[in-house]
Structure formats: C-alpha cells, structure tokens
1. How about segment B:92-130: which of its residues are more than 7 Å from every other protein chain (Cβ to nearest Cβ) and out of contact with any helix residue (DSSP H, G or I) (no Cβ under 9 Å at 6 or more places or on another chain)?
2. Return the total of residues in segment B:175-195 being assigned to a helix (DSSP H, G or I), modelled with pLDDT of 85 or more and more than 10 Å from chain A (Cβ to nearest Cβ).
3. For the condition assigned to a helix (DSSP H, G or I) and within 11 Å of chain A (Cβ to nearest Cβ), what is the one hit in B:P162, B:P200?
4. Can you tell me which residue is farthest from A:I249 (Cα to Cα) among those in segment A:181-239 that are in contact (Cβ under 8 Å) with a residue 12 or more places away in the chain, part of a loop (DSSP other than H, G, I, E, B) and of a type in the set (D, E, K, R)?
5. Kindly indicate whether any position in segment A:121-140 is within 15 Å of the chain's Cα centre (by Cα), in a helix (DSSP H, G or I) and more than 9 Å from chain B (Cβ to nearest Cβ).
6. Taking the condition of being assigned to a helix (DSSP H, G or I), among the hydrophobic types (A, V, I, L, M, F, W, C) and closer than 14 Å to A:L215 by Cα, how many residues in segment B:220-261 meet it?
7. Conditions first: (1) more than 10 Å from chain B (Cβ to nearest Cβ); (2) farther than 14 Å from A:A243 by Cα. A:A11 passes all but one, so which condition is the exception?
8. If you check A:G134 against the conditions, is it touching a helix residue (DSSP H, G or I) at 6+ places or on another chain (Cβ under 7 Å), among the small types (G, A, S) and under 19 Å from B:F24 (Cβ atoms)?
Amino acid sequence: MARRTFDPDQASFTLVMGALTIAAITLLLAPTLVVVIVSFTDSFSLRFPPPGYSFKWYVALLDAWQLHFAAWNSFVVALWTTVISVVLGVAASLAIARSPTLTARILDSLFMSPLVLPALAFGLAALMLFSLVGLPISPLTLIIGHTVVCVPYVVRTTVAALAQLDTVLLESSASLGASRLYTFRRITLPLIRPGIIAGAFLAFMASFDNVPVSLFLRDARTDMLPIRMWQDLEGKLDVTIAAVSGVMIFLTILALVVMERMAGLSRRLR
Amino acid sequence: MRSAPVTAYDLKLALPLAGFFALFFVAPLLILILVSFYTDTSLTQFGLAQYARFLLDPFSLSVLVSTLWLGVKVTLLCLLLGFPLAWTFVRSPRLAQGVLMLIIVLPLLTSVVVRTFAWIVILGRQGIVNNLLLSLGLADTPLRLLYTDGGVVVALAQVQMPLMVLPLITALSRIDPNLRDASSALGAGAWRSFVKVILPLTLPGIMAGCLLTFAAAITAFITQSLVGGGQMLFMPMYLYQQSSTLSNWPFAAAISIIFLVAVLGAVTLFNLLGRLSRGYAQG
C-alpha cells in the first residue's frame, strides 16, 4: 500500500478541530463532575479537590425540611403544569400541524413565542394581571404562569411527530371503515406517543427548573426548589446545596436514559 | 358539505390553548405595555417619562449595551467550541455518537441553579482553577475569577452550548458527503473546503444556533446574578430590582418593553440572516 504523504493542510485542520472538540467536551462535562465530586466532601468548605470523602452531606439532606418543602412544591406544580400543557398542547398541535392556513401559522408562532421572549418580563406581566383582577398569589397562579412557558415544548415535539406521520396509514384506516375517533386512538396516537412523551418530559423539567416566572408568582407558602437553592447560594455557600445538586444530577441522568429508550429524546431536541 | 379529509383536524382544537394564551400571555403583555406608559408609581398620569428616563440615562443604557455585548461574546464562544464538537459528532461511529449526545444533552436538562453552582465551585478562591494555578506556580495568591466578565461568559457558554450544538448537528448531517470529496478532488485542501463548501452550507444551522444561544444568554438571570455578583448589572437583574425591591412598576415595565424589543430585534435579525443564508446555501 502506498504510504500516505504528509499533508500539512489536512493535519492542521484535524488538529484544530480535535483540540476545540476536546475543549468543548471538557467545558460541557467539567461542571457536572466537579459538583458530584465536591458533594462527597467531608469538610465544611467547597474546596476542590476535597480533603476527604464522606456521605455526611447526603445524610444532612434528610433533615433539611425547608428543601423538602420546596422540592415537594416544585414537584406538584411541575406535575399539574405538565398535565395541562399536554392536554392543551396536543389538541392545539393536532389542529395546526397539518393545516396550511395562515391562522395555523400565526397560532404556531404565538405558541412558540414564550421560548424566546425574556421569561422574567412575562413573570412581571403575569403578576400585574393577577393583581389587577384580584387573584391572589397561590399554587394556581404558579401553575398558570408555568404552563405558558412550558406548553411550547409539548407543541414543538408533537407537531414534529405529526409532520412525520405517514398519511397513507390514516387514509387506509378510513377506507377500511374506521371512524375518525377510532383511527385517532388506534393509529395516530400510538405513532405520535413518543413525541408527546418527550414534550411532556421537557415541559416537566422546564417547570421544575423555572426561576424567572416563579420569582414573581410565588410567596413563602409556595417556596420553589430552584429559588430556595438560589437564595441559599446568594447568602452562604452551603455544602448541603452540593448534595442537593448531586441528587438532582443523578435523577436527571436516570430520566435522560429512560427517556432516550422510551421516546428517542435526543432526536426530538434538534 | 363534504366531511373533512381524515388526515386533517379541525382548527377548533387549537381554541382552548389559544384562549389560554389570550388570557394569560397576550393580556399580561398588553397590561405591561400599558403600565409602562404611566409616569408615576401610583399609576395616575400618562406619559413617556419612563422611556425617557431609561433612554436618556447613561447608566441604564450601559446596562442594555453590556447585556447585548455579553450575548455576543457568549454566542461567539459557543460557536467557536460548538462547531468543532458538532463536526466531530457527525463523523463519529454510532456508539460514540450515543455517548457524545448524552454529554451534549445533559447540561440542557440539568437545573440551571445546579450548573451555575458548579461554576461557583470551579471559579471560587479555593476552586479547581485557582488550586491549579497556585500549584503550578503561575499565581502567588488566589485570583478573583468569580464576579468577573470572563467568568460570566465561560459559565454562560457552558449553560447555553447545547442550544448551539444541536442545530449544527442537524445542519452538518444534511450535507452530502460527496460534496467534500468533490471539493478535494478539485484540489481544495481541508481548510479551503471547509471555508468554501462546509461553512456556507451550514449557515442556516449556524444562524438558528446563534439565535437560540443569544436569546438564552441575555435572559439567563440566575447565571448572570450568581457568577456575575453584585458589581455587574444586566437587564434581567435590573428589571427584577426595579420591580421587586423598589416596587417601581412603571419603570420595571418600561425596562421589560425595551428588553423585549431588543430581543425581538435580535431574533428578527438572525431570522433574516438565516433566510438569506438558506437562499445562498441552496444556490
């Protein structure tokens, strides 16, 4: 076999691309690894690398009732937000996904716009609305606010799933005498289910992690986990937060792997 | 009337969500606009005083400019590192792609507070960077890395990188591999093929990635405030301070509207560039 001649042009290109890729992977991965390692420290500071290792901050977590309370609130709000987002979002997706009308296109842009608009400005605006109509701050106002910023995830993945649906299947089902409802239940729904599941998962995560909207629409009775953690970090650098972060990272990786299997999540994010 | 084809659904199914958005998204934004036109905090006098106060105040303008500039820096860093990563991804075997995708997607789904907390640990006085610099003898005392501009840019770049990489992967995997072979057969080297063939063809993906990264970076309240600290003020924190601590709703509303317009302007610009580049990419 002929020896490949050294090509400085190709070599420098490969070198630069390789080096930048390694830098990118390091940047993406390092923070997660650092948090997980530091959460097992046995000291009272966030020194890295830790002087010794222990489970004591995870044990301390068992007594952190404020964090339990905030985590439970976040979970309940995220669950309701997801349910409402899926019901409203899937119905709207069915209506706009295959419709070529201008109305459908405008609605599509409207439903997607919370993704790019500053959520903090929306949070303030929602607070103004609720105080104008005299609706007091409660879990309900939180769920309403969260639904506005989380429903785009459901609409996006469901519309994409519907767009990939082969219409021949629906036509054959109809020509074999199936009713529209039956076709929906037995053909459409099973085919778009992974898209809906992926959207529901993203909506849940977005709600659970939301700060800008919660900041305006919650009070002491409805403390939310990310806000509790943020306020703890502003005040003191507590190692308990590292243990909370460790738990959240573990649960996120677990959910990610399950979702990849169930719904091919990463394909639907593009 | 003939019944509708089985493949299409009635537009009425969008009504519940449209109604929900009219009530809880459009109406609040209209109220926000209305409130921004009051000159006093007790909402009695109409006028443009809040906008004049922002646009004629060098401090407020500097907050706006530094926020947009921050977005530009983060977007460029994400592009510089994200493009090679996407490039490597599409050329990797299947198994490696699975691992890489997990690495890319994980930050996107990890809580923003957790990700930001990680940067506090990394950049802190006892953090990994300072320990490395001290042990290598590159610094005598721990450097102040937290609460600096560079710290905010790097932390935001990590937080927003997936938003850049995912559209780039889509764009790069659509390129016909024969084009690169053709380019090199015609005598173009690796760099020349990259600049003349690959880069123009991925421009729509680049614009989509830049749009998402920029919009996310300038609105990233948590990362900006925790890594930037009290000295650096960006638009989201400015808005929050005025509305929450000072209860100055009209001014906070005006800040929101100016910020919204700035974001919409950027979105429109990127969309326009994306459309132009799509025309270019398809010949």
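1. B:P93, B:R94, B:L95, B:V99, B:R125
2. 1
3. Among B:P162, B:P200, only B:P162 is assigned to a helix (DSSP H, G or I) and within 11 Å of chain A (Cβ to nearest Cβ).
4. This residue is A:D219.
5. First, pick out the residues of segment A:121-140 that are within 15 Å of the chain's Cα centre (by Cα): none.
No; the residues of segment A:121-140 include none that is within 15 Å of the chain's Cα centre (by Cα), in a helix (DSSP H, G or I) and more than 9 Å from chain B (Cβ to nearest Cβ).
6. 4
7. Just one mismatch for A:A11, condition (1).
8. Answer is no for this residue.
The values are calculated or read from the model by the stated rules, or taken from the named source; none is laboratory data. All values reported here derive from a predicted model rather than from experimental measurement. Note: ideal-geometry Cβ built from the backbone for every residue, glycine included; neighbour counts use all protein chains shown.
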